[in-house]
Every structure is written in structure tokens, then in C-alpha cells.
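Asker: I'd like to ask some things about the structure below.
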Amino acid sequence: MELWNHTSLSDFILLGLFSYSTSDLFLFSLVLLASAVALLGNSLFLLLIQANRHLHTPMYFFLSQLSIMDLIVMSSVVPKMAVNLLSGSKSISRGACATQIFLVVMVTGAECFLLAVMAYDRYAAVCHPLRYPVLMNWKACSLLTVASWMVGVSDSVIDVGVVFSFPYCGSLEVDHFFCEVPALLRLSCAHTSLFEDLIYACCVVMLLLPLVVIVASYTQVLTTVIKMPSTEGKQKALTTCSSHLAVVRLYYGGAMFSYMRRASSRTPVGDRATSIFYTILTPMLNPLIYSLRNREITRALWKMLDRWGVLACLPF
């Protein structure tokens, strides 16, 4: 009851992910470390792409958008989680709660379609190299990117509007570390089953439609690579696609487990586990995946360090 004495009835209470036990504080330190790595990695990735004109290509333009999405979803969740744990206050206003839902839903929806756009970009580059500058000119890239963002924005506006149209007349304790739609719907005193079914159908569509584009694109890429006479050409084509495929597997593995389950099969513990995956771990791993074995990124990094005089200070 003491917590309620310090909290407005209009606020929600985030029960959080950790308590004040020694083991939980250690795990929280790992989460903060992963968040710091994600912040540094994505920020450095954006800086490299912006600073090096050789990286001003459609592929790296889409990668920069992916980094922006990762930074948005992480920064919408982790700071509030950290503040609540360190301050001892677990409250979150309805406005802040709506903002978290809007940003997380927007990014997850937009990222689905951006990954499909990136798969089409690789298809155009490998299967139609001579027509690639025409197929993926800057106008086309911009329109595809804006369309991805708009799909996410539309989805998030609908979700926020409907979720906060339901009455919340019982406990306002959200069994989660941030405001997520399923966690809030459990608190509503109205019947939300129809909306939950609509969310499920929407998630299936938003995941499967881009996945069809991705599978079709890479089927064509694989067919083209097999027909290439040059071993070097095959290796180069596969290298440019392998990183994106790794990110697709990472994202869709977590997304399908998280969103393609009906409300009856979801549990608060399972929701928290999958949420950690796509709000912290995926943003941390994405820049690492695209940096590994990527000579263009490696050259751009060493060039920037040399320009800043960092290499001169190293002992080797």
C-alpha cells in the first residue's frame, strides 16, 4: 500500500524485471552493459556510414535506418527501467506508457518491412547488377524506407488508441518492465478478446508478408549464385547476403515466438524473456553481425580512427 500512497491512480505500476537481490543486481548490470554496447555499436555504425562517402550506397542507407530503429526501441525501454530500479519508484504515467507502446510497436512493425526491402535490395544487386542503379536509385530507396516507417506508425497509432480506450478499473500493476500491449490488456476490466484476436491476425500478416518477400528474394539470389561461373563472384555475392540473413533469422525467430502466439498461450514470464531479446539483445547484435567480415566497415573504421589520431597513440 505504501507504493500507492506515492502514486497517482492514473499511473501504472511497472513491476519490473529485477528486484534488489544480489543476483538480480548482477543481471541488471549485464543488461546495462548490453545496452551500452548496443548504444555504442549502433551510434558508431551511423557515424561511419555518415562520415565515409564509400558507404553512401542503398545497402548502408538501409542499415543506417535499422540502427536508428534499434536505438529508438532500446532508448524507449532501458532508461525508464533503470530509473525505476535505481530510484525505487515503479510508477509510469499513462502518457509515458502510451509513448513506450507507440515507439516499440512502430519500430517492430517498420523493421519487418525494412528487412524485406533490404532483401529486395540484395536481389536487385545480385540478380540484376546492370539495372541496379535504376532499380535502387535514391528516390526508390527513400520511398521504400518511408513506406516501412509509415506501416509501423499506422500500426502503433491504432494499438495505442484502442489499448487506452479500454477501462482499467482494477489493479494497475503491469507485470512487465515496460508497457507492452498484452501486459496492459490483462489489467483491463473490459472484454478484450476481440482486440487480442485482431492483434494476432495483424501480427501474422505483418510478419508473413515481408517474410514471403524475403524468401522469394533469396530464392532468386541463390539460383543466380549457383549459376555463376566464377567462384570469387559466388563468394562475394554470398558474403553480401549472409549478414542480412543472420539478422533476419535473429529478428524473425524472436518476433514469431513473441507475436505469433495467441493470448491464451502467453505468460508474463515468457513475455518478459522475449521482450529482453528484441529490445536489448537484437540491437546489440545487429551492428556486430554487419561489422564481422565486412571489409568496407573495417576500412572505414580504421580510416576514421587514423583521422582522429587514435592509431598514433596505440602501442603497435
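The values are calculated or read from the model by the stated rules, or taken from the named source; none is laboratory data. Everything numeric here is computed off the predicted structure, so don't read it as measured data. Neighbour counts are summed over all protein chains in view; Cβ atoms, including those assigned to glycine, are modelled from backbone coordinates with ideal geometry. Accessible surface is based on the protein model in full, side chains and every heavy atom, while ligands, DNA and RNA are left aside. Shrake-Rupley method; radii C 1.70, N 1.55, O 1.52, S 1.80 Å.
Asker: Just a yes or no: is a residue in the stretch 49-66 closer than 23 Å to residue 259 by Cα and part of a helix (DSSP H, G or I)?
Answerer: Kept after step one, since they are closer than 23 Å to residue 259 by Cα, are these residues of the stretch 49-66: 65-66.
Restricting the remaining residues to those that are part of a helix (DSSP H, G or I) gives 65-66.
Looking for residues that are closer than 23 Å to residue 259 by Cα and part of a helix (DSSP H, G or I), one finds at least one in the stretch 49-66, hence yes.
Asker: Condition first: part of a helix (DSSP H, G or I), within 15 Å of residue 195 (Cβ to Cβ) and open to solvent by 40 Å² or more (accessible area, probe 1.4 Å). Now tell me which residues in the stretch 134-167 satisfy that.
Answerer: 157, 158, 161, 162 - these are the residues of the stretch 134-167 that are part of a helix (DSSP H, G or I), within 15 Å of residue 195 (Cβ to Cβ) and open to solvent by 40 Å² or more (accessible area, probe 1.4 Å).
Asker: Could I ask something else about it? Does the stretch 67-92 hold any residues that are surrounded by fewer than 20 Cβ atoms within 10 Å (Cβ to Cβ), in contact (Cβ under 8 Å) with a residue 24 or more places away in the chain and not in a helix (DSSP H, G or I), and which are they?
Answerer: Of everything in the stretch 67-92, those that are surrounded by fewer than 20 Cβ atoms within 10 Å (Cβ to Cβ), in contact (Cβ under 8 Å) with a residue 24 or more places away in the chain and not in a helix (DSSP H, G or I) turn out to be 89, 90, 91.
Asker: Still on this structure: When you go through 194, 172, 184, 198 one by one, which is the residue that is over 15 Å from residue 12 (Cα atoms) and either exposed (fewer than 12 other Cβ atoms within 10 Å of the Cβ) or touching a strand residue (DSSP E or B) at 6+ places or on another chain (Cβ under 9 Å) (or both)?
Answerer: One residue alone meets the criteria, 194.
Asker: Across the stretch 274-286, what is the number of residues that are open to solvent by less than 10 Å² (accessible area, probe 1.4 Å), within 22 Å of residue 55 (Cβ to Cβ) and not polar (S, T, N, Q)?
Answerer: Number satisfying all stated conditions: 1.
Asker: Which numbered condition trips up residue 111, out of (1) crowded, with 20+ Cβ neighbours inside 10 Å; (2) within 20 Å of residue 17 (Cβ to Cβ)?
Answerer: (2)
Asker: Scan the stretch 178-203 residue by residue and report those that are aliphatic (A, V, I, L, M) and assigned to a helix (DSSP H, G or I).
Answerer: Initial filter on the stretch 178-203 (aliphatic (A, V, I, L, M)): 181, 183-185, 187, 190, 194, 198-199, 201.
Matches in the stretch 178-203: 181, 183, 184, 185, 194, 198, 199, 201.
Asker: State whether one or more residues within the stretch 125-140 are modelled with pLDDT under 90, touching a His at 6+ places or on another chain (Cβ under 8 Å) and aliphatic (A, V, I, L, M).
Answerer: Scanning the stretch 125-140, I find no residue that is modelled with pLDDT under 90, touching a His at 6+ places or on another chain (Cβ under 8 Å) and aliphatic (A, V, I, L, M), so the answer is no.
Every residue, every condition in (1) open to solvent by 60 Å² or more (accessible area, probe 1.4 Å); (2) hydroxyl-bearing (Ser, Thr, Tyr); (3) under 28 Å from residue 83 (Cβ atoms); (4) not in a loop (DSSP other than H, G, I, E, B), yes or no:
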position: 176; (1), (2), (3), (4): no, no, yes, no
position: 206; (1), (2), (3), (4): no, no, no, yes
position: 229; (1), (2), (3), (4): yes, no, no, no
position: 257; (1), (2), (3), (4): yes, no, no, yes
